[in-house]
Structures are given as structure tokens and as C-alpha cells.
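First the structure, in the form of C-alpha cells, and then the observations on it.
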Amino acid sequence: MAQKLGYSGVSTPPPAMRLEWSELALADLDRFAEFLHYKFPHLATQVAAAIIEESRILLDHPRLGRPIGGRDEYRQLSLRVLKGVYVCQYRIDGERIVMLRVFHGREGRG
């Protein structure tokens, strides 16, 4: 009966998402590394890699972040990375997640 209704017992996985980084988001990662280079040189090379790794959760859960700007495709997610909080702003575009900006949780963005 289930086969007649179109259920084969195996769910079809959603299309694979891709995570892409805008030039501004990459510049944000460079900015963090430069700042840390003077205060905590041993962390400067680790922070960008850790943010990129933690943000990969969006590949499996693209709507994990909360909507921003009144538009569902624009979202924001806070990630705890190396004892700091980083705010990732991204856009869902079909099968792509485009990281738009990354801010440290203590940064003023007003």
C-alpha cells in the first residue's frame, strides 16, 4: 500500500548545501587575526580556522540562525569559538549559504 502512495521507505536527502564566504566576511577573519596577533599571537592563526569549522554546522542546518532584517533568507548565528562569541550574518540562496559578515560579539556595529 505504501509503495502505491509513493512511499518507498527511504527518504531522499536534501540537495547538498555549499558554504561560500564573501570578500567582506574573509576580510573580517583577517581583521580578527591581525588584532589577535598583537595580544595573543598563538591564537592569531587559529581563530579564522575555528570560525570556519564551527560555521559548517550551517551545511546541515541552514536555518539555525535567527532571521534578520525582516527577511527569512538573511540570518544571524552566534558561535562560541576559542572562548569568544562571534556573530555570523549569512544569506541562504538556494543550495548556497553565503557568509556575509562576521563580527566579534563585543564589537559595536551601530
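Quick one, what does Rg over Rh come out to for the stretch 19-104 if you take C-alpha atoms and the Kirkwood Rh?
0.98
For HIS104, HIS42, what's the fewest-to-most ordering of other Cβ within 10 Å of each Cβ?
Taking fewest neighbouring Cβ atoms as first place, the list is HIS42, HIS104.
So if each residue of separation counts as 0.36 nm, and I subtract the Cα-Cα distance between ARG71 and ALA49, what length gain in nm does that give?
Computed gain between ARG71 and ALA49 is 5.0 nm.
Would you mind ranking ILE92, ILE97 by Cβ crowding within 10 Å, fewest neighbours first?
The most exposed by this proxy come first: ILE92, ILE97.
Any read-out appearing in this document is the output of simple, stated calculations on the displayed coordinates, not a laboratory observation. Keep in mind the model is a prediction, meaning the values are calculated, not measured. All Cβ positions, even for glycine, are placed from backbone atoms using ideal geometry, and neighbour counts span all protein chains on display.
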